[in-house]
Amino acid sequence: MIKNILNLGDAAVYCDFGKDVNQEININVINYFQNIKDKKIEGITNITPSYNKLIVSFDLEITSYSKVKKIIENLELEKKFEKENKLIEIPVCCEKDFKLDNDRLEKKLGITYDKILEIFFSKEYFCYMTGFIAGMPFLGDVSEKLRAERLKTPRVKVPKGSIGLTEQFCNIYTYESPGGWNIIGNTPLEIFNKENLIEPALINPGDKVRFNRITQEEYDKIKR
Amino acid sequence: MTKLKDNYFEIKRAGINSTFQDNGRKNLNHIGIPISGVMDKRNFILANALLKNETNTPVIEFAYQGPLLEFNGDKIYFVITGDVKFEIIKNNNEKIIGLPYNVYEIEDKDQIDIQSTNKSVYGYLSISENIIIDEIWDSFSTNTKAKIGSNNGEKLSDNQKIKIRHKNRNTALTKLNYIDKKIEYIRVIKATNFDYFSEKAKEVFFKEEFKVTKLSDRMGMRLEGQILENVVSTNIKSEGLVKGVVQVPSDGNPIIMFADHGTIGGYPKIANVISADFDKLAQMTPGTAIKFKEVNLEEAEKLFKFYNLETTNLINQIS
């Protein structure tokens, strides 16, 4: 449940679900997100879910903090979440051109790369949020055996499609972008497709993701 | 019957960062797409009001040096808003010094040379016709960072053509006497991580000047000043961002989020610029000294109403 509601500036409501980051809290955030979205409240310009916060921005010409806050406080929550989440399969190639942080991770985690990949591919991940850049999913939870800090100096360019690890999370770089996550492989899939006007992001908050390891050959085939 | 061909502008010089903008695209933050839209909303509103266009008609926003455009076709009207130096070069090579907030008529082979913004960053060019560009997710705005929106998500480039189509209009050669006033302070509301900062940092934030640096664009404005010491944590769990939020990364220098900002971020939020001061802030050039002043929510809401009332009064003064 929401622990605290505050204003962020004069045109946003900041809903705080506490300090912890776990799926239970995040499902709660996403549930609020979907309920508020479906209400189509006048003047709302964005609803931004994250691990344990939900920010609702609005147009101050149309509504105000006190009005939006009241709507959120009196919201009758329907359980939308269970109905809507789905499982998405993502092929990942971990051959030499793609595993940019092979050496770093082996050294840091003290296990072989094969073992790292075996652990990484053995489970399903949960999408906590999507954003920072268009369509980038923040997935968790990564096994405790694979937890590594982000790079001290971020890369200026992380290749599009890169799969990154940091602490309890993994992500997918939907565009070439600066970034500091440990790169273990690359997917040939378009994770964000701006031509798809209805559902441009393949992975949305609340979805489940399974990564499947593929060979270079399979990668090239999908890419074509 | 001869087929009427579309009129067009040929971009002889694109300028530094010329993009199509309107009020932006809403409700896509949750998939990582920011709101985009014009940086200076008042000047956008005035540009369309002067031409009696509908309020959310897309315009060309330019920064510092604007485009040089050659018009091809029947007569049209245009207006430029902001503190902008520009010339109209007539097809007989006669040069007319342009005045912002004045509607002009141009004809075949006339050129508009938008030379620069004066002591400000952004200016706007609006025309009396429909610009033929793609509307994507209810907005014509171009987001060059995500390569989304009209013009394939790219800024204008040299030699490209912008097609325009005639529409029913009731434009006249109207004008407005307006000079944008500078403001002394940028007013802010304390944000959710204000207490992450040391007592000294809190004092410094409201007492000392911060300079706008060159690392400022449509995504955000980086400031430089006395280091703001964080005594709790220089990282928070990533969470949503909003326009105007002032984040302080570990180097202690504030960054203010603008229209094309990343949708989530993990730096502590010290304050949030009030909606009434967005336009003025966006127009501050590198080197400008900023002082922050604290207001509460109620004051911020009143100041915004007042600011909008001023805009409405300006629209009413158009003659």
Every residue from segment A:12-27 that is at the interface with chain B (Cβ under 9 Å from one of its Cβ atoms) and assigned to a strand (DSSP E or B): A:Ala12, A:Tyr14, A:Asp16
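The rows are residues; the columns are (1) of a type in the set (Asp, Glu); (2) assigned by TED's automatic domain parsing to the domain that holds A:Glu218.
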site	(1), (2)
A:Ile36	no, no
A:Glu42	yes, no
A:Asn52	no, no
A:Val56	no, no
A:Asn102	no, yes
Looking only at segment B:266-291, and only at residues there that are buried (at least 23 other Cβ atoms within 10 Å of the Cβ) and in a strand (DSSP E or B), the one that is farthest from the other protein chains (Cβ to nearest Cβ): B:Ile270
Selection from segment A:28-71 of residues that are in a helix (DSSP H, G or I), facing chain B (nearest Cβ under 8 Å) and charged (D, E, K, R): A:Lys37
Pick from segment A:181-198, criterion over 17 Å from the mean Cα position of the chain (by Cα) and free of Cβ contacts under 8 Å to residues at least 60 places away in the same chain, ranking: nearest to the other protein chains (Cβ to nearest Cβ): A:Leu197
Selected residue (criterion: surrounded by the most Cβ atoms within 10 Å (Cβ to Cβ)) from residues of segment B:143-168 that are within 14 Å of chain A (Cβ to nearest Cβ) and of a type outside the set (S, T, N, Q): B:Gly149
Filtered residues of segment A:199-224 (kept if within 14 Å of the chain's Cα centre (by Cα) and either under 24 Å from A:Asp114 (Cα atoms) or outside any loop (DSSP other than H, G, I, E, B) (or both)): A:Ala201, A:Lys208, A:Val209, A:Arg210
Of residues in segment B:107-135 being among the polar types (S, T, N, Q) and closer than 22 Å to B:Asn170 by Cβ, the one surrounded by the most Cβ atoms within 10 Å (Cβ to Cβ): B:Ser126
Top-ranked residue in segment B:81-97 [being of a type in the set (S, T, N, Q) and surrounded by 11 or more Cβ atoms within 10 Å (Cβ to Cβ); ranked as farthest from B:Ile45 (Cα to Cα)]: B:Asn91
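The values are calculated or read from the model by the stated rules, or taken from the named source; none is laboratory data. None of these values were measured; they are calculated from a predicted model. With ideal geometry, Cβ positions are generated from the backbone for all residues, glycine too; neighbour counts draw on all protein chains shown.
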